[in-house]
1. Does segment A:185-223 hold any residues that are in contact (Cβ under 8 Å) with a residue 40 or more places away in the chain, more than 18 Å from A:R269 (Cα to Cα) and basic (K, R), and which are they?
2. Only one of B:A60, B:A70 is under 25 Å from B:L142 (Cβ atoms), within 12 Å of another protein chain (Cβ to nearest Cβ), in contact with a strand residue (DSSP E or B) (Cβ under 8 Å, 6 or more places away or on another chain) and not aromatic (F, W, Y); which?
3. Going by the structure shown, is B:A269 under 19 Å from the mean Cα position of the chain (by Cα), farther than 20 Å from B:A219 by Cβ, part of a helix (DSSP H, G or I) and modelled with pLDDT of 95 or more?
4. In segment A:123-135, which residue that is under 19 Å from A:F221 (Cα atoms) and either in contact with an Asp or Glu (Cβ under 7 Å, 6 or more places away or on another chain) or not small (G, A, S) (or both) is farthest from the other protein chains (Cβ to nearest Cβ)?
5. Given the residues B:A120, B:A158, B:A134, which is the only one that is within 30 Å of B:E3 (Cβ to Cβ) and either touching a Leu at 6+ places or on another chain (Cβ under 9 Å) or within 14 Å of chain A (Cβ to nearest Cβ) (or both)?
6. Only one of these is within 30 Å of B:T252 (Cα to Cα), out of contact with any Phe, Trp or Tyr (no Cβ under 9 Å at 6 or more places or on another chain), touching a residue at least 24 places away in the same chain (Cβ under 8 Å) and buried (at least 18 other Cβ atoms within 10 Å of the Cβ): B:V196, B:V170. Name it.
7. So for segment B:124-140 (the condition being touching a residue at least 40 places away in the same chain (Cβ under 8 Å), of a type in the set (V, I, T) and buried (at least 24 other Cβ atoms within 10 Å of the Cβ)), does at least one residue qualify?
Amino acid sequence: MPPVQTEEGLELLRSMWRIRVFEERVGALARANEVHGLIHLSVGQEAVAVGVCGALRDDDAVYSNHRAHGHALAKGASPAKVLAELMGREGGLCRGLGGSMHLVDVEHGLLGATGVVGGNIPLALGSALAAKLGGSDAVAVVFFGDGAVQGGIFVESVNLATLWRLPVLLVCENNGFAEFTPRSAHTTVERVSDVVAPYGIARETVDGNDVVAVRDAFTRFLGAARAGEGPALLECLTHRLRGHYEGDPQRYREALAEEEWQRLDPILRLQRALAVEGGEFEAEAREEVEAAERLARASPFPPASLTAELAYA
Amino acid sequence: MSETTYLEATRRAIAAAMRADPRVLVLGEDVAEGGPWGATAGLAEEFGAERVRNTPISEAAIAGIAVGAAQSGLRPVVEIMFVDFVTLALDQLVNQAAKAHFMSGGQLTCPLVLRTQGGAGQRGGAQHSQSLEAWLTHVPGLKVAMPSSAADASGLLASAILDDNPVVVVENKTLYFRRERVPDAPSPVPLGRARVVRPGRDATVVALSRLVPEASAAAEELAAEGIEIEVVDPRTLVPLDLETIAASVARTHRLVVAHEAVEHGGVGAEIAAQVQHACFDDLDAPVERVGAPFTPVPFSPPLEDAYLPGRAEVAAAVRAALGLAA
């Protein structure tokens, strides 16, 4: 792991702990049936959300996928509003009408999260086009997993992003599994960055459990996109510590040995690099998540009239 | 009044919207060349390639880019060359565009227009001739317009571009080149207001798209026999102007619903259900439906001609509603 300035390093660590603690609490709340629906946690993948979103501005558009909590928190969403949304409360980011897979926080530039794998990719191109035509140097970022790469919409979008030199950054979280199936069973192409090679798009594969490596590679692509040099694809090799969704029995894979996870865990790695203990950050995150939970629980369920009210603008 | 075509009225409505609002842009296959019929002819020359964007044959990406652009403040007008190809863009239309406002708790709006055209009659075969509007009307969050005249093609499109919701405008290829008289300064036609095309007392015919001129022709034929039918064009299927339709049925006591789409599961079924509920005591006969048989559209010219519902089928349905022998 490359050296990182202490202040900045500690901020990255704080952000990752916030997601880790939040996600673990959501897992517990899912088992207690207090958050609802299909819950996909990003435990183990925190470095990607933090390394990418930390470099962005509020006027940059971010599109997430079904595994959206970490992206939302890293982009600045209030943990209380995210949790209230997962609980289906009026005080949620989307007033309880979106749920875990559909977090939107326009104030912080999170313009969508989709439960249809790959369906979010062209939306980011559209936001990038709006920024470009509007003369802004804002960019659009879309997160997707390696499972999205085998869909046609991925290829259509890479082609158009490159053809139109759009300021869009495609961030692939390659955790090696598309739902229950290893990548090797779905494609002969090992690296997502190789899939896009013929288009001439800027591309790189990084260790996605190394938050500094993610941040550095992303920041280079971001600068180029802001300068009008067009899109890029960043493939982050990472590991999903939990199942595809909460309750997934994971019969399709062996759990990582504890010592192996100690070696890979993006949080422990950054702590080793910074030579700090994580205790105070974990405690701080716990306090924050407990406060968020109190606020979320205090929020009422939305009125039934909201359904009809928001069907049309 | 001046004379123009449905297609030219459409083209002028897009150009007027682009002049009025720099956020309006056009996306689609061959649009900078005017498209296969010319609906976007001259726009690239007037507004430039940035706002009139030719796309690859990537319907899903085109629709998805339009959704993202709309969420980020533009007002895209997408052309999908044939309604048959909307199948490729349905994830973007149904799962993204239609639900963006709702799922975001009202934070997002998605003001996009998807123009497409459907219908048979040009020997296009089963993949270039369908009428798929009923699918689209089944998705809350979308609005669906189906103009049957040049003035409505222009006026509905103008309103669709001004609307903050995703609107699908389903044009009809056989109506494109009919010459019609239109107002010199076309005005927007509100979405959700039906048009009484021809007043009558004996039966109401609610007709969509190409079946509107067919119903008008049937009205002429029936008038010669002393039967006066009222032809009503809903113009938009979502929202549906039930009030105008029900008021007509309350006067005529008989209803025929006519469209080119297959009868089974068609929009006519929804209109019939709503009318029987609103007008149960007014109806003197069962609602009659006119639609295509439940088969793909055949290619061979005599088979396609036999397949397509038109004036004769509307007239026969009116006679059935009146209890007259065919």
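The values are calculated or read from the model by the stated rules, or taken from the named source; none is laboratory data. Because the structure is a prediction, the values reported are computed rather than measured. Don't worry about glycine lacking a Cβ; one is built from the backbone with ideal geometry, like all the others, and counts go over all protein chains shown.
1. A:R191, the sole residue that qualifies.
2. Going through B:A60, B:A70 in turn, just one is under 25 Å from B:L142 (Cβ atoms), within 12 Å of another protein chain (Cβ to nearest Cβ), in contact with a strand residue (DSSP E or B) (Cβ under 8 Å, 6 or more places away or on another chain) and not aromatic (F, W, Y): B:A70.
3. Details: under 19 Å from the mean Cα position of the chain (by Cα): yes; farther than 20 Å from B:A219 by Cβ: yes; part of a helix (DSSP H, G or I): yes; modelled with pLDDT of 95 or more: yes.
Yes, satisfied.
4. The selected residue is A:K132.
5. Matching residue, one of B:A120, B:A158, B:A134: B:A120.
6. Working: B:V196 fails: buried (at least 18 other Cβ atoms within 10 Å of the Cβ).
Unique residue meeting the criteria: B:V170.
7. Among the residues of segment B:124-140, not one is touching a residue at least 40 places away in the same chain (Cβ under 8 Å), of a type in the set (V, I, T) and buried (at least 24 other Cβ atoms within 10 Å of the Cβ), which makes the answer no.
For (1) surrounded by fewer than 18 Cβ atoms within 10 Å (Cβ to Cβ); (2) closer than 30 Å to A:G228 by Cβ; (3) β-branched (V, I, T), each residue gets a yes or a no:
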position: A:G134; (1), (2), (3): yes, yes, no
position: A:A138; (1), (2), (3): no, yes, no
position: A:G145; (1), (2), (3): no, yes, no
position: A:Q150; (1), (2), (3): yes, no, no
position: A:L160; (1), (2), (3): no, yes, no
position: A:A185; (1), (2), (3): yes, no, no
position: A:T188; (1), (2), (3): yes, no, yes
